[in-house]
Amino acid sequence: METTQETLPTVVLKPGEADRLIAGHPWVYAGAVLRVTQTVADGDVVQVKDHRHRFLGVGFYNARSRIHVRVLSPDRVPIDVRFFAERIRAALALRRRYLPAATCFRVVNAESDFLSGLMVDKYEENLVVQTSALGMDQRKPMIVEALRSVLNPKAIVERNDIAARKFEGLPEVRGILWGDLPGELTVELHGLKFTVDLLGGHKTGLYLDQQTNYSQLAELISQRPGARVADCFSFSGGFGLHAARAGAARVHLIDQSEEALAAAHRHAEMNSLAERCSFEVANVFDWLKAQTTPAPQTTPAARYDVIVLDPPSFTRNRAAVPEALRGYKEIHLRALRLLPPDGLLVTFCCSHHVDARTFLDVILSAAFDSRRVVRRVATFGQAPDHPVIPSIPETEYLKGYALELAR
């Protein structure tokens, strides 16, 4: 049974450590803790106070994690089913405001929705849950009850097979938490059909954070009817199929995953776009190198009017940033060499550790080395179902640009 709000164990912060919480960041790192007033079990609710004992909020405690406390509320509220239902209802209202027609979206995006350690994705009438914090994981029954009351899903799937759980002392697990899942599902994004395997597929199914960017790309392609498009790191075809439907004459999808490309091919057929698409299993770095370094006595490298670069994150920590930047420069340098004057490069970075300005600087460095001048025609970010809280920098990770080669 949870401790009552009046007798909650207190985590007292060191001088100067309260400001980030007051500004809205929910994490209390181990080094910020001055003392804990009484014995507390990992996963339990605690109250947080500054060194002058002024109340700052309540949250989950875990001494095994580098993040000792994840603050959930600046008020003295019980963390129960009603609490979760209210937070989920508020998050859902935000999505319905900014993505009113979407049937697939992220319902809860952890810190972005003031539920640190909880993510919930919606695929039509089914939900996928990830709990990356011990306190959240211990309360899965509460979360399931709240989700059922707010969204009335057909099934709730647990995809807790993520590496981040090890930092909280949690095992990797997956399975059905509630309801019946018939198997592979067919869902829609902007009227295009995709299949998802909620139990066995990559991530939770699709890259929902790119949902609005798919539409932006389609608009750019519609301004270039008959364009030849290379969709690099294509995964299951999100960008490529939107480009094909928008009027591209030919879309070549490249990914090193045979499984992902097989899904992309299947999606192209489902949407009557297969005749415009071709597919190639390849490491994109190797593919770009081969395209830009033709053998002697061969014709010049194939050219594309539009190249999309949507790679996975090249870095999971700050120490790996220099190597990641070299990787980003390499693919941009070679992609720019494949484009004709007025060609379009649509490129993304999904690493929180590489900010938008640094990413753009890498692209400009590649443009300089390839003797190209680029004109920015669009800027991309994550979809509204992955909201950004500026006082929580970790909530902003996806950035991108559409760059046209100036003559």
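Every residue, every condition in (1) farther than 21 Å from residue 233 by Cα; (2) touching a residue at least 12 places away in the same chain (Cβ under 8 Å); (3) touching a Lys or Arg at 6+ places or on another chain (Cβ under 6 Å); (4) not small (Gly, Ala, Ser), yes or no:
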| site | (1), (2), (3), (4) |
| --- | --- |
| 347 | no, yes, no, yes |
| 352 | no, yes, no, yes |
| 370 | yes, yes, yes, no |
| 373 | yes, yes, no, yes |
| 382 | no, yes, no, yes |
| 397 | no, yes, no, yes |
If you scan segment 381-407, which residues turn out to be under 23 Å from residue 322 (Cα atoms) and touching a helix residue (DSSP H, G or I) at 6+ places or on another chain (Cβ under 6 Å)?
-> 395, 398, 399
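Taking segment 151-180 on its own, how many of its residues are over 18 Å from the mean Cα position of the chain (by Cα) and either in the same structural domain as residue 258 (by TED's automatic domain parsing) or free of Cβ contacts under 8 Å to residues at least 60 places away in the same chain (or both)?
Residues flagged as over 18 Å from the mean Cα position of the chain (by Cα) and either in the same structural domain as residue 258 (by TED's automatic domain parsing) or free of Cβ contacts under 8 Å to residues at least 60 places away in the same chain (or both) within segment 151-180 amount to 18.
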Taking residue 85 as the residue in question, decide whether it is assigned to a loop (DSSP other than H, G, I, E, B) and in contact (Cβ under 8 Å) with a residue 40 or more places away in the chain.
-> no
Please work out if residue 67 is over 11 Å from residue 13 (Cβ atoms), assigned by TED's automatic domain parsing to the domain that holds residue 120 and modelled with pLDDT of 95 or more.
-> no
Pairs with Cβ under 7 Å, 6+ apart, first in segment 105-122 and more than 17 Å from residue 208 (Cα to Cα), second in a strand (DSSP E or B) and of a type in the set (Val, Ile, Thr) = 115/108; 117/131
Hey, can you tell me all the residues within segment 21-77 that are closer than 19 Å to residue 392 by Cβ, of a type in the set (S, T, N, Q) and surrounded by fewer than 18 Cβ atoms within 10 Å (Cβ to Cβ)?
-> 73
Test: residue in segment 375-392 that is more than 22 Å from the chain's Cα centre (by Cα) and among the aliphatic types (A, V, I, L, M) | yes
For residue 183, all conditions in the list (1) assigned to a loop (DSSP other than H, G, I, E, B); (2) in contact (Cβ under 8 Å) with a residue 40 or more places away in the chain hold save one; what is the number of the exception?
-> (2)
Taking segment 291-344 only, how many residues are modelled with pLDDT under 85, surrounded by fewer than 14 Cβ atoms within 10 Å (Cβ to Cβ) and over 25 Å from residue 227 (Cα atoms)?
-> 7
Show the residue pairs that are 6+ apart or on different chains and have beta-carbon atoms under 7 Å apart, the first residue being within segment 250-269 and touching a residue at least 40 places away in the same chain (Cβ under 8 Å) and over 17 Å from residue 304 (Cα atoms), the second being part of a helix (DSSP H, G or I) and not β-branched (Val, Ile, Thr).
-> 267/241
Has segment 351-358 got any residue that is of a type in the set (Asp, Glu) and more than 21 Å from residue 285 (Cβ to Cβ)?
-> yes
Within segment 210-247, which residues are of a type outside the set (S, T, N, Q) and either outside the structural domain of residue 399 (by TED's automatic domain parsing) or part of a loop (DSSP other than H, G, I, E, B) (or both)?
-> 224, 225, 226, 227, 233, 235, 237, 247
Which condition breaks for residue 89 when tested against (1) farther than 25 Å from residue 68 by Cα; (2) more than 17 Å from the chain's Cα centre (by Cα); (3) crowded, with 18+ Cβ neighbours inside 10 Å?
-> (3)
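The values are calculated or read from the model by the stated rules, or taken from the named source; none is laboratory data. A quick note: this is a predicted structure, and the numbers were derived from the prediction, not measured. Cβ sites come from the backbone with ideal geometry, for glycine too, and all protein chains shown count toward neighbours.
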